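What follows is a short report on a single structure.
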Protein chains: 2
Amino acid sequence: MDASRPRADVAQEGVGSYVQACLWAAREVAPRLGRLGSLRKDRALAAMGQALLHAEGEILAANGRDMALGRQRGLDAARLERLHLDGSRIAAMVEGLEAVAACADPVGEQIEGMVRPNGLRIAKVRVPLGVVAVIYESRPNVTVDAAAIAFKAGSAVVLRGGSEARHTNRALAEALRQGLGAAGVPPEAVQLIDRGGREAVLEILTARGLVDLAIPRGGADLIRFVAEHALVPVIETGVGNCHVYVDDAADLAKAEAIVLNAKCQRWSVCNAIETLLVHEGVAGEFLPRIGRSLARAGVALHACPTALGHLAACGGDVAAATEADWATEYLGPTLAVRVVRDLGAALEHIARYGTRHSESIVTEDRTAARRFLQEVDAAAVYHNASTRFTDGGEFGFGVEIGISTQRMHARGPLGLSELTTYKYIVEGDGQVRAG
Amino acid sequence: MDASRPRADVAQEGVGSYVQACLWAAREVAPRLGRLGSLRKDRALAAMGQALLHAEGEILAANGRDMALGRQRGLDAARLERLHLDGSRIAAMVEGLEAVAACADPVGEQIEGMVRPNGLRIAKVRVPLGVVAVIYESRPNVTVDAAAIAFKAGSAVVLRGGSEARHTNRALAEALRQGLGAAGVPPEAVQLIDRGGREAVLEILTARGLVDLAIPRGGADLIRFVAEHALVPVIETGVGNCHVYVDDAADLAKAEAIVLNAKCQRWSVCNAIETLLVHEGVAGEFLPRIGRSLARAGVALHACPTALGHLAACGGDVAAATEADWATEYLGPTLAVRVVRDLGAALEHIARYGTRHSESIVTEDRTAARRFLQEVDAAAVYHNASTRFTDGGEFGFGVEIGISTQRMHARGPLGLSELTTYKYIVEGDGQVRAG
């Protein structure tokens, strides 16, 4: 069975049967994957890399088809750029596989151990989740990353990529499955569902008992669709309306460097900032300065009335902010700017508009910093550092499959450990319960 | 505002507004609760206990009304027994509050800490969930337990008890809120929603952004209703179709003690067993023996054809099992019995019918035990011990709010730590990201 390709009979059977067949294949193979040793998994990851290199010609040809179709359908330049593959991007995928192989295997790790007064020995041990579905948009490298991370974490993976990358994803998944097979591992570990539109996504999201976790990776619309329709457990990722707050006790040189980095180092990512909050005590000094730097970097500013006054002479593209700006994730060269009365007002703004992703305070005042770090409810809260560090690699996790913005199960970067669960193993010699 | 009592204007405003007002009160008070110190919380728990004792008269009177209404409505004896309160049960509630106070405070605990090569100091720190809703059936002690555990874990609690305990729960919640107020803690920490029927439950389950976690505690019907309708995160609890498997290498004296304990020590609980699996190699010796013991304990047996033969002479109530028996959680003095060919067949039976709660193997064969402990997917897997130990107290957690049967966030007994989440606190001195 080759579940990475649509069955010839999909049209007759309908989307439901096609998706169910893929999910069942994943479900059935999952226990075997959970018992694979680390060495075996790392060898299979290496074989997956070899298979990608071996299939480079087919993958680039498939990507060429997607690019041509994308141009015909009028995809914008940014999306085409994300879709495009070349030799160096395939080499980066292979490096990604090597990075996953280099990470410690979370499966079997003893998290806690205790001996009870009655002699029972209790071990809390990491075990795989089982079947992990990843629903993502155009970047084809997610196909490889998600498959590798789920596999190393002992789970089967169900991949649902964007339709514009269909041929590319199919070629990538086929190569990954060949690599698994060459390493003696069941290729059913990787299931690609690339047909059936929204109906197929719904089928995945409602497959209670078949899917242990669904991870949406993409824009706010995708996340919302998944959150609204999922009956299976979900970890929401990646919606980041992040802030830097420049306190009146800030070192303004640090503040300038941090704001520029958090906004401009890469603006299409979830941990880039969308709003700058400035204490009114330093607004007159800081805003003209940062305004000039941001103007040079090509960033348009949407400013509150007070900020507008301070930014008038900075020479950039400055407009009046509306209420909608505070809630907007631009993911581009635009920054909202607001002057606030004090730290409390900054905390209120963040509590109201933030998406609990990454928030930073710049200050030399330890008391203000402590209050901010304690009171801000977000996956990562920063003092005197850029929000751009919220990333599995930067946190030392080796790899990540996304940034969780929810509170349950796992928060922030999702590494291998976050993709597992645990069970209690209890060993006795005949203990029974008295009371 | 006294949100534990229905507003006079509920009828006009409708259930939605009433529930929303309670949820908002919880949401608004949650950050303040999250910042309370341990000492302050423990003093408030003591004050809650004092208030229960002080209000004992009112509570017992309210309970008397519920008991009278329950008898009128024809509640069965078991439900009336669960509903009934007396001085000793109130004393037990106060002891429960003391047990929660005695537990370590999970809030603020540093789970991990690291210093990155760039000098960033990252601490992974436990923080409260925020607003925890508990939806439960008749036992009124859950009102006190859930409020105490959520409060100690730094969260506001929304309590939705069964309608048959309405007056009792209202009196209990009122006393708890008075205790909180006496200790200088906002009584809005405890919200009781005791009106509005299923509509109110739906309102809680769909309150995204207001409710951080909903925990259903009750029978399979309640759990299913919650799982199907919840848009907020849920931890499913307490459905236990648990097994003991007696291997051919079992010490049959241990097996007998473990089976009797796991079935009979208390049969109305989720970690009691519902099916006994016996290896065919010891069925002839073990089944007549355990059959006699179970008959003496008043347990009816629903047996597979092979087991029937071995149980014929045991003198108890023995009937032929149907397929439905393997999937039934009796929660009473009935046990399904099946003879299996070998360990593999036992594993298949458990994978097919088990609810991933608690499973036990009795064997002296280490290899068989290891395979069972590894392959069975359940919150707790046992070797030579009774399944009745799956319990926060028995695991040394001090207290628990239920047994999770799901894989995400937390599995098995839910203690204080399991009722928290975490955030990453990152401290730098101006670090920005390079690549």
(request) Return a yes/no flag: does the stretch B:269-280 have any residue that is aliphatic (A, V, I, L, M) and without any contact (Cβ under 8 Å) to a residue 24 or more places away in the chain. (result) no
(message) Going through A:VAL244, A:VAL201, A:VAL232 one at a time, which residue ends up being out of contact with any Leu (no Cβ under 8 Å at 6 or more places or on another chain) and more than 9 Å from chain B (Cβ to nearest Cβ)?
(response) A:VAL201
(request) Working only within the stretch B:163-178, note down all residues that are in contact (Cβ under 8 Å) with a residue 60 or more places away in the chain and either surrounded by fewer than 24 Cβ atoms within 10 Å (Cβ to Cβ) or outside the structural domain of B:GLN72 (by TED's automatic domain parsing) (or both). (result) B:GLU164, B:ARG166, B:HIS167, B:ARG170, B:GLU174, B:GLN178
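Let's see how each residue does on (1) crowded, with 23+ Cβ neighbours inside 10 Å; (2) touching a Cys at 6+ places or on another chain (Cβ under 9 Å); (3) farther than 22 Å from A:GLY281 by Cβ:
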{"position": "A:ILE361", "(1), (2), (3)": "yes, no, no"}
{"position": "A:ASP365", "(1), (2), (3)": "no, no, no"}
{"position": "A:ARG371", "(1), (2), (3)": "no, no, no"}
{"position": "A:ALA378", "(1), (2), (3)": "yes, yes, yes"}
{"position": "A:GLY412", "(1), (2), (3)": "yes, no, yes"}
(request) Taking A:GLY57 as the residue in question, decide whether it is at positive phi and over 24 Å from the mean Cα position of the chain (by Cα). (result) no
(request) Report, by residue number, each residue of the stretch A:102-139 that is more than 14 Å from chain B (Cβ to nearest Cβ) and under 14 Å from the mean Cα position of the chain (by Cα). (result) A:VAL134, A:ILE135, A:TYR136, A:GLU137, A:SER138, A:ARG139
(request) Filter the stretch A:208-221 down to residues that are aliphatic (A, V, I, L, M) and closer than 19 Å to A:ALA147 by Cβ and give me whichever is nearest to the other protein chains (Cβ to nearest Cβ). (result) A:LEU213
(request) Tell me, please, whether a residue that is free of Cβ contacts under 8 Å to residues at least 24 places away in the same chain and either in contact with a Lys or Arg (Cβ under 9 Å, 6 or more places away or on another chain) or among the basic types (Lys, Arg) (or both) can be found in the stretch A:81-89. (result) no
(message) Step by step: first the residues of the stretch A:257-278, then only those that are among the aliphatic types (A, V, I, L, M), within 13 Å of chain B (Cβ to nearest Cβ) and crowded, with 23+ Cβ neighbours inside 10 Å, then the one that is nearest to A:ILE403 (Cα to Cα). Which residue is that?
(response) A:ALA272
(message) Taking the condition of being free of Cβ contacts under 8 Å to residues at least 60 places away in the same chain and among the basic types (Lys, Arg), how many residues in the stretch A:50-80 meet it?
(response) 1
(message) All but one of (1) acidic (Asp, Glu); (2) under 23 Å from A:ASP325 (Cα atoms); (3) in contact (Cβ under 8 Å) with a residue 40 or more places away in the chain hold for A:GLU364; state the number of the condition that does not hold.
(response) (2)
(message) Being modelled with pLDDT under 60, β-branched (Val, Ile, Thr) and within 19 Å of B:GLY130 (Cβ to Cβ) is the filter here; which residues of the stretch B:1-27 pass it?
(response) none
(request) Return yes when A:ALA200 is assigned to a helix (DSSP H, G or I), surrounded by 23 or more Cβ atoms within 10 Å (Cβ to Cβ) and among the aliphatic types (A, V, I, L, M) and no when it is not. (result) no
(request) Could you grab me the full set of residues in the stretch A:419-434 that are at the interface with another protein chain (Cβ under 10 Å from one of its Cβ atoms), touching a strand residue (DSSP E or B) at 6+ places or on another chain (Cβ under 7 Å) and not hydroxyl-bearing (Ser, Thr, Tyr)? (result) A:LYS423, A:ILE425, A:VAL426, A:GLU427, A:GLY428, A:ASP429, A:GLY430, A:GLN431
(request) Considering every residue within the stretch B:335-348, establish whether at least one is more than 25 Å from B:ALA253 (Cα to Cα) and buried (at least 21 other Cβ atoms within 10 Å of the Cβ). (result) no
(request) Please enumerate the residues belonging to the stretch A:384-435 that are closer than 21 Å to A:ALA92 by Cα, of a type in the set (Gly, Ala, Ser) and touching a residue at least 60 places away in the same chain (Cβ under 8 Å). (result) A:GLY398, A:GLY402, A:GLY415
(request) Among the residues of the stretch A:349-359, write down those that are over 30 Å from A:GLU95 (Cβ atoms), crowded, with 21+ Cβ neighbours inside 10 Å and either touching a His at 6+ places or on another chain (Cβ under 7 Å) or more than 10 Å from chain B (Cβ to nearest Cβ) (or both). (result) A:ILE350, A:GLY354, A:THR355, A:GLU359
(request) Could you list all residues from the stretch A:9-59 that are within 16 Å of A:GLY179 (Cα to Cα) and not in a helix (DSSP H, G or I)? (result) A:LEU36, A:ALA55
(message) Given the criteria out of contact with any helix residue (DSSP H, G or I) (no Cβ under 8 Å at 6 or more places or on another chain), over 17 Å from B:HIS279 (Cα atoms) and not hydrophobic (A, V, I, L, M, F, W, C), does B:ARG356 qualify?
(response) yes
(request) Answer yes or no as to whether A:ASP251 is more than 21 Å from A:THR355 (Cα to Cα), modelled with pLDDT of 95 or more and in the same structural domain as A:GLY37 (by TED's automatic domain parsing). (result) no
(request) Could you please give the count of residues in the stretch A:380-435 that are closer than 30 Å to B:ASP365 by Cβ and outside any loop (DSSP other than H, G, I, E, B)? (result) 12
(message) I need a count of the residues in the stretch A:384-410 that are farther than 20 Å from A:LYS152 by Cβ and surrounded by 21 or more Cβ atoms within 10 Å (Cβ to Cβ).
(response) 10
(message) Quick check on B:THR237: is it within 21 Å of the chain's Cα centre (by Cα) and more than 13 Å from every other protein chain (Cβ to nearest Cβ)?
(response) yes
(request) Output the residue which, of all residues in the stretch B:385-418 that are hydrophobic (A, V, I, L, M, F, W, C) and within 11 Å of another protein chain (Cβ to nearest Cβ), is nearest to B:VAL246 (Cα to Cα). (result) B:ALA385
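The values are calculated or read from the model by the stated rules, or taken from the named source; none is laboratory data. Since the structure is predicted, the reported quantities are computational estimates derived from the model, not experimental observations. Using ideal geometry, Cβ is built from the backbone for each residue, glycine included, and neighbour counts are taken over all protein chains shown.
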